[in-house]
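The values are calculated or read from the model by the stated rules, or taken from the named source; none is laboratory data. Being a predicted model, the structure only gives us computed values, none of them experimental. Positions of Cβ are backbone-derived with ideal geometry, glycine not excepted, and every protein chain shown enters the neighbour counts.
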Amino acid sequence: MSQAHASAPAHSNSAAEQADNFKSDLFKFLLPNDPNGARAKAVWADLSPHLEGILKDFYARLMETPPLATKLKDSKKSTDGLSRMQTAHWQRVFNSEDEKSIAEDARKIGTAHVRVGLTSDWFIAGYGRVLMDAVPALLKAHRFTPQRAAEATRILIARMFIDMAMANESYSSQMTDQEAIEWREDNDYQNLRTISDSIVDINKVSLNLAVVQDSTNRAMNSSESVAAAVEELVSSIEQLSNTSQQAAHSAAETNNRLNEGVQGVMQARSAISTVSDAAERSNESLSSLQEAAGEINAVMGVIQSIADQTNLLALNATIEAARAGEAGRGFAVVASEVKALANQTASATEDVASRIQTLQSEIDRISSNFNATREAIETGETTLNSASEHIQTAGSQMDSVASSMSEVAQILEQQKGSAGEISGHVSGMAELAKENANCLDEISDAMQIGNDRMSQSASHWFRGTSGRFLCEMAKIDHVLFNKRVVDTVLGRGKWKSNEVPDHHNCRLGKWYDQVSDPTLTNLDLFKSLREPHQQVHQAATKALKAKEAGRSEEAIAALRDLDNASKKVVEILVKVSEHLHSQESISERRKRDRKPVYGEKVEIKNGSGAKTAQVIDEGKGGIGVEGLATSDVGQMLELYYNGPKKGVVRWASGKRGGIEFKD
């Protein structure tokens, strides 16, 4: 006896130590490094102002859900009172560093929910509902500090999950024997299903984030390109401004030269006019000379006539002298001399006449040249007049050009400043795009941390031999599969297209291919899973190949195909999981095997006395009753129900329970 008494405390202490070690391991596993809990307290400071509104919406939604609304009404507690109690509880969770105190407080909360008959799936779903509103509140509070937002989200999820895990112990601690194990399996399935649904819901924005990330990256690259182009534009405008100023100066200088040209043309016109006058006077002089030559030529004709007559007279005198003989010899000599003189005169006259004729020809030629010169001078005057007009017009135009170029130079100088401002704004946009990209990275990282922690929690509830568990785990696998592809396409991962398994070699595919139960394989719903599942893997491979080839638009399009196919897979898995749950769940079997009972009572006796309980349903091997305490689980009872019987309490929630008959 003493030996039994001695060993009992040791066994009790050992169990207690194991429980404490288990709790300590849970705290280490879930909680991030947070010396003195300072960061958790800071998260509470950010969250607490929003908690009243979050819980108000939570209880409002709860009242819209019939199964939950009934339990809330049965508890006879107001939503305001429950909100205050829940707020006080979470204040301790976020501000206390005493693991035992947190665990004990959470266990009490869990026990309270067990007593009102709330199943663990609804209990965990409640945490998910609160997180869906609490996470955006924290992200909004730290919207300008993405790193702090991610850290706050991690701490929020960790504290909420440690609270949920500790509270969930109240459910598992009240299950015994094989039936209790089955109930626990149902409970684990509901927990896993809640986790998988939460992961699916949280990651629904994954593709949208990818599209935003891709658009942000393009905007960032475009902004950088535009900034560079604007800088080049500023440089070009500056060069163009300088060129315009130089052109304006050159135009003004050209205008000056044109004005000088006009003056030169005017002088040339004056000189040509003078030459024209001189040529006209020379032409008139030539005409006078021509007339004088004609007169000389006429005189020379007279002289020639006189010479001819003199020569004739000399000839006659010679003849008469010859007739006179000696008496006329002297006269003959004189006649001979006169004849010679007449001949010389005639010869000289002919020579002079020839020269005068030549002079007249030259005068005619010179006169003709003067006429041509006069015509050329007249043409030159006309040309110079036209040139003068054109030069004056060009001068006016160059003056206008110079003025316009000066205005252009001023406008370009103003545009230079505007372009500089644009360059600054574009650079600012590029920086903002970088900040947005970093923020999206932080959000994605926070989502990944949440995914990792929830998937690790899910692994504790996963049972690989159960189809319904595998369906829920496959939902998680597909979410993580999709996110891994998305992260790689966005440059945050290094998954190669040739590393992606086909739809036969993932967890879902292996299970799908080895299912042999005809009640499942012949199910149309089960058959419809194959095609979208195959499309998921094909789209993933296509997206990664496009990424590797640098075809980002094609990769994003493939991600959309991946998301659409994955949604179909998840929808089918939800229905297949529900179908399998209806076959495997003890609660569902009990619903099929038991019939409701109305108005029947059972008398119960145990070591502490006797009491009467209300029978609510009946099966082949037992009954469901109201009025059993959780402390009754495992006790042997004496019953009177359709005769005397013995039974054992297999489960109890504090309000209802199940009694198995014993022969």
task = For residues that are in contact with a Pro (Cβ under 6 Å, 6 or more places away or on another chain) and buried (at least 21 other Cβ atoms within 10 Å of the Cβ), scanning just region 556-581, find the one that is nearest to Thr194 (Cα to Cα).
result = Val569
inquiry  = Which count do you get for residues in region 607-663 that are among the small types (Gly, Ala, Ser), without any contact (Cβ under 8 Å) to a residue 40 or more places away in the chain, assigned to a strand (DSSP E or B) and within 21 Å of Pro596 (Cβ to Cβ)?
reply    = 5
remark   = A careful count of residues in region 144-170 that are in contact (Cβ under 8 Å) with a residue 12 or more places away in the chain and within 24 Å of the chain's Cα centre (by Cα) gives 4
ask   = Before we move on, is Asp105 surrounded by 13 or more Cβ atoms within 10 Å (Cβ to Cβ) and acidic (Asp, Glu)?
value = yes
ask   = If we scan region 597-605, do we find a residue that is touching a Phe, Trp or Tyr at 6+ places or on another chain (Cβ under 6 Å) and of a type in the set (A, V, I, L, M, F, W, C)?
value = yes
note = Counting only residues in region 501-547 that are of a type in the set (Lys, Arg) and over 19 Å from Ser577 (Cα atoms), the one nearest to the chain's Cα centre (by Cα) is identified as Lys547
message = Step by step: first the residues of region 630-645, then only those that are out of contact with any strand residue (DSSP E or B) (no Cβ under 6 Å at 6 or more places or on another chain) and modelled with pLDDT under 80, then the one that is surrounded by the most Cβ atoms within 10 Å (Cβ to Cβ). Which residue is that?
response = Gly634
inquiry  = So in region 352-375, with the set limited to residues that are closer than 15 Å to Glu284 by Cα, β-branched (Val, Ile, Thr) and modelled with pLDDT of 75 or more, which one is farthest from the chain's Cα centre (by Cα)?
reply    = Ile363
task = Scan region 496-507 for residues that are in contact (Cβ under 8 Å) with a residue 40 or more places away in the chain and either surrounded by fewer than 16 Cβ atoms within 10 Å (Cβ to Cβ) or assigned to a helix (DSSP H, G or I) (or both) and report the count.
result = 2
note = Exactly one of Gly647, Gly634, Gly622 is in contact with a helix residue (DSSP H, G or I) (Cβ under 9 Å, 6 or more places away or on another chain) and small (Gly, Ala, Ser), and that one is Gly634
query = Regarding Ser404, is this residue among the small types (Gly, Ala, Ser) and at pLDDT below 70?
reply = yes
